[in-house]
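As structure tokens, the structure follows; a few thoughts come after it.
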Amino acid sequence: MSLTEIKQRIEAEEKRVGRAVGSTKLIAVSKVQPLDRVTHVLDQGHRMFGENRVQEAQGRWGSLLDRYDGIELHLLGPLQSNKVRPAAEMFDAIHSLDREKLARKLADLAQERGQCPELFVQVNTGEEPQKAGVLPEAVDAFIELCRSIDLPITGLMCIPPVDEEPSLHFALLRKLAERNGLTGLSMGMSGDFERAVALGATHVRVGSAIFGEREKTA
Ligand SMILES: *Cc1c(COP(=O)(O)O)cnc(C)c1O
């Protein structure tokens, strides 16, 4: 699918469910993709990108940030606590906040720097043991903790289990967000972004559908 086609599909879905056109942001997930595919998308005017690893992103985007104006970078993958500072310096948004230690480090950095990336709390909606994320039952307390240390939270993020209907997980994420007064919903990937738009996603994260299959997974 081309970038244009994906944007058209998002718009068609927004219209179908009565959402404002343009209310879903498209994060082009460029992790592990060859540079020429990324510059191709940049040259089409797209500016919002997602990466999975801090180090990989630093290597790739250092020079691109000089060459193109207005790039917005989103960290989607797991964040190690010793990478919080470079992550906060490089990324406009972090979608993988999932534990107290990270929250406290981010809060300290926000105080020190006077600014903070947009933050999404990752929720393990499928309660999968191998997957990162706060368990659904622990979300309310985690959001409360973040608020108690003045850490601003934009919304919630999830990656549904591969073998389950994603809409159930998107609906759960939305319910958890609403219950906590959060408006951001980071959900939906190449295979299910239209269903995520239908259920209110504010950010969809689309990789292989834009760039083609990845050579190896990140
Ligand atoms: C890789 C990745 C995506 C994009 O996946 P595709 O299936 O290629 O669209 C989205 N979100 C996260 C967290 C990812 O790691």
Subject >> 17 Å cut-off, amide nitrogen to a point 7 angstrom out along residue 214 Cα→Cβ, residues in region 132-158 >> reply: 132-133, 158
Original post:
Using a probe of 1.4 angstrom, how much of the accessible area of region 1-150 is carbon and sulfur, in percent?
Top reply: 45 percent
**OP:** For region 118-179, give the magnitude of the charge dipole about the Cα centre (Cβ charges: +1 Lys/Arg, -1 Asp/Glu; no others), in debye to the nearest 20.
**Re:** 160 debye
**OP:** Give the calculated FRET efficiency between residue 171 and residue 5 to the nearest 0.05, with a Förster radius of 30 Å applied to their Cβ-Cβ distance.
**Re:** 0.70
**OP:** Go ahead and run the numbers for FRET between residue 99 and residue 71, Cβ-Cβ distance against an R0 of 22 Å, rounding to 0.05.
**Re:** 0.20
Original post:
With the Cα gyration tensor of region 1-120 giving a ≥ b ≥ c as the square roots of its eigenvalues, does the rule (a/c under 1.5 for rounded; else a/b larger than b/c for prolate; else oblate) give rounded, prolate or oblate?
Top reply: oblate
Subject >> Cα-based convex hull volume of region 118-178 per residue, rounded to whole Å³ >> reply: 80 Å³
Original post:
Gain in length, residue 137 to residue 16, computed as 0.36 nm per residue apart minus the alpha-carbon separation, to one decimal in nm?
Top reply: 40.3 nm
**OP:** Would you work out if the chain is rounded, prolate or oblate? Take a ≥ b ≥ c from the square roots of the eigenvalues of the alpha-carbon gyration tensor; rounded if a/c is under 1.5, else prolate when a/b is larger than b/c, oblate otherwise.
**Re:** oblate
Original post:
Quick one: Cα centre-to-centre distance for region 112-183 and region 48-87, in angstrom?
Top reply: 21 Å
Original post:
Among 76, 97, 151, which one moves the most in a GNM of the chain with springs linking Cα atoms closer than 10 Å?
Top reply: 151
Original post:
So which chymotrypsin sites (Phe, Trp or Tyr not before Pro) in region 1-93 are both in a DSSP loop and have at most 10 other Cβ atoms within 10 Å of their Cβ?
Top reply: none
Subject >> Accessible area expressed per residue, the chain, with surrounding protein chains retained (probe 1.4 Å, Å²) >> reply: 47 Å²
Original post:
For the chain, modelled as a GNM with alpha-carbon contacts under 10 angstrom, which of 143, 71, 27 fluctuates the most?
Top reply: 71
Subject >> Charge context of residue 176, other residues only, Cβ under 14 angstrom, K/R +1, D/E -1 >> reply: -3
Subject >> Rounded if a/c under 1.5, otherwise prolate or oblate - region 138-218, Cα gyration tensor axes >> reply: prolate
Original post:
Where the only charges are on Cβ atoms (+1 Lys, Arg; -1 Asp, Glu), what is the dipole of region 1-117 about its Cα centre, to the nearest 20 debye?
Top reply: 300 debye
**OP:** Only helical DSSP H runs with n ≥ 4 go in: add -39500 (n - 2.57) per run for the chain, normalise by residue count and round the 222 nm mean residue ellipticity to 500 deg cm²/dmol.
**Re:** -12500 deg cm²/dmol
Subject >> Residue with peak Gaussian network fluctuation, the chain [Cα springs, cutoff 10 Å], from 188, 77, 62 >> reply: 62
Subject >> For residue 48, distant residues with modelled amide H under 5 Å away >> reply: 28, 72
Original post:
What size of dipole, in debye to the nearest 20, comes out for the chain about its Cα centre when the only charges are +1 on Lys and Arg C-beta atoms and -1 on Asp and Glu C-beta atoms?
Top reply: 180 debye
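The values are calculated or read from the model by the stated rules, or taken from the named source; none is laboratory data. A quick note: this is a predicted structure, and the numbers were derived from the prediction, not measured. Using ideal geometry, Cβ is built from the backbone for each residue, glycine included, and neighbour counts are taken over all protein chains shown. We work out accessible area using only protein heavy atoms, side chains counted, and drop any ligands, DNA or RNA first. Shrake-Rupley method; radii C 1.70, N 1.55, O 1.52, S 1.80 Å.
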